[in-house]
Structures are given as C-alpha cells and as structure tokens.
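> One structure coming up, written as structure tokens, with questions to follow.
The values are calculated or read from the model by the stated rules, or taken from the named source; none is laboratory data. This structure is a prediction, so every number in the text was calculated from the model and none was measured. Positions of Cβ are backbone-derived with ideal geometry, glycine not excepted, and every protein chain shown enters the neighbour counts.
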C-alpha cells in the first residue's frame, strides 16, 4: 500500500465524485436512478455541508470514494456515522484499500465521539457482504429499510391521500 492516501474531498472533486457515483450505480444495476448533477453535489456537499466525502488514492490517482454523514442514536444518546456509499474501483480491490477506508472512517467516528458506524448493503452483493463480515461487522437482519421518495414523498408532505 505504498503511496496510498485518503484525503477529504474538495470542491474541485465534484466531477470526480459524480463519475464515481455513476460507476457504483452501474455496478449495482441502478445507473438509471442517478439524478445527481455536479450542481446538486456542489450545493449539498460543499455549500450546505450535509455530507462528507473521502477520496482514497494511489499516488495522484483516485481509486474510489466514501460518502458519509452524521446520524443519531436515541438509544445510545449520541451521534453516529452513516456510510451512504463506499466504492473502490474494481481493479484496486483485494489490496487492503477498502479496509483502510473503513479504518479511517472508524478513526473519524471515534475522534468525534460517535457511538457507531453503520451502512446498508444490497442483499445480492455477496463480495461486499463477505468483506464486511471479515471485519466482524454485524448484520442487522431484524430491520427493514422504508423509504418515501419522489411523488409519494410530495404527497405525504402535502397530506394528500396515497
């Protein structure tokens, strides 16, 4: 892992971040769901600062990204880090870079006094599941994610019948 570093994303990384998001979405067969633009990412990541991005790189070459934000556990009574995306380009996998990214995320969580680091994984993504289990991550099988989005979100916000 010589010449490997992890750095915080900068405003000029927005085109790179969007390209990496699309690479991940393509891998997950969800490319058609990406509506993010450079302008949207600039606003939400760097102006509103609602999430943070880490860029792992070998030399000067970015090899992926990790996007995370704070959440809160009422049971713990403290904040946590929620990892929305972690992506290492396929040609760099298997070299310890993913574990290094998780190590950095865990370090950040501890430095900030967070009680947990959590994320979700697609049920069919066995290579990622195996990787997470190798770090002794604990699957939370008793939870189901629910989501409101698009027109349904709008209708609920307006109190309209669904």
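> Which of the residues spanning segment 70-98 are under 14 Å from the mean Cα position of the chain (by Cα) and more than 19 Å from residue 16 (Cβ to Cβ)?
70, 71, 80, 81, 82
> Just one of 103, 147 is loosely packed, with under 12 Cβ neighbours inside 10 Å, closer than 23 Å to residue 51 by Cα and without any contact (Cβ under 8 Å) to a residue 24 or more places away in the chain; which is it? Before the answer, list the steps.
On the way: 103 fails: loosely packed, with under 12 Cβ neighbours inside 10 Å.
Step by step, each of 103, 147 is checked, and only 147 is loosely packed, with under 12 Cβ neighbours inside 10 Å, closer than 23 Å to residue 51 by Cα and without any contact (Cβ under 8 Å) to a residue 24 or more places away in the chain.
> Sticking with this structure for a sec: Write out, first by first residue and then by second, each pair whose Cβ atoms fall under 8 Å of each other, whose residues are 6+ apart or on separate chains, and whose first residue, in segment 42-64, is free of Cβ contacts under 8 Å to residues at least 24 places away in the same chain while the second is part of a helix (DSSP H, G or I).
50/44
> Checking the condition assigned to a strand (DSSP E or B) and surrounded by 12 or more Cβ atoms within 10 Å (Cβ to Cβ), which residue from 6, 21, 17 passes? So that I can check it myself, show each step before the final result.
Values: 21 fails: assigned to a strand (DSSP E or B); 17 fails: assigned to a strand (DSSP E or B).
None of the others qualify; the one that does is 6.
> Taking residue 154 and the conditions (1) modelled with pLDDT under 95; (2) farther than 28 Å from residue 49 by Cα; (3) in a helix (DSSP H, G or I), which numbered condition does it fall short on, given that it satisfies the others?
Every listed condition holds for residue 154 apart from (2).
> Here is a follow-up. Return the only residue of 39, 28 being farther than 17 Å from residue 63 by Cβ, touching a residue at least 60 places away in the same chain (Cβ under 8 Å) and out of contact with any strand residue (DSSP E or B) (no Cβ under 9 Å at 6 or more places or on another chain).
Numbers: 39 fails: touching a residue at least 60 places away in the same chain (Cβ under 8 Å).
Just one listed residue meets the conditions, 28.
> Here's something else I'd like to know. Since residue 29 meets every condition but one in (1) under 19 Å from residue 91 (Cβ atoms); (2) in a loop (DSSP other than H, G, I, E, B), which condition does it not meet?
(1)
> Of all residues in segment 121-144, which are in contact (Cβ under 8 Å) with a residue 24 or more places away in the chain and part of a loop (DSSP other than H, G, I, E, B)?
Those that are in contact (Cβ under 8 Å) with a residue 24 or more places away in the chain and part of a loop (DSSP other than H, G, I, E, B): 122, 125, 135.
> Moving on to the next point. Checking residue 97 against (1) without any contact (Cβ under 8 Å) to a residue 60 or more places away in the chain; (2) surrounded by 14 or more Cβ atoms within 10 Å (Cβ to Cβ); (3) within 22 Å of residue 14 (Cα to Cα); (4) out of contact with any helix residue (DSSP H, G or I) (no Cβ under 8 Å at 6 or more places or on another chain), only one condition comes out false. Which one?
(1)
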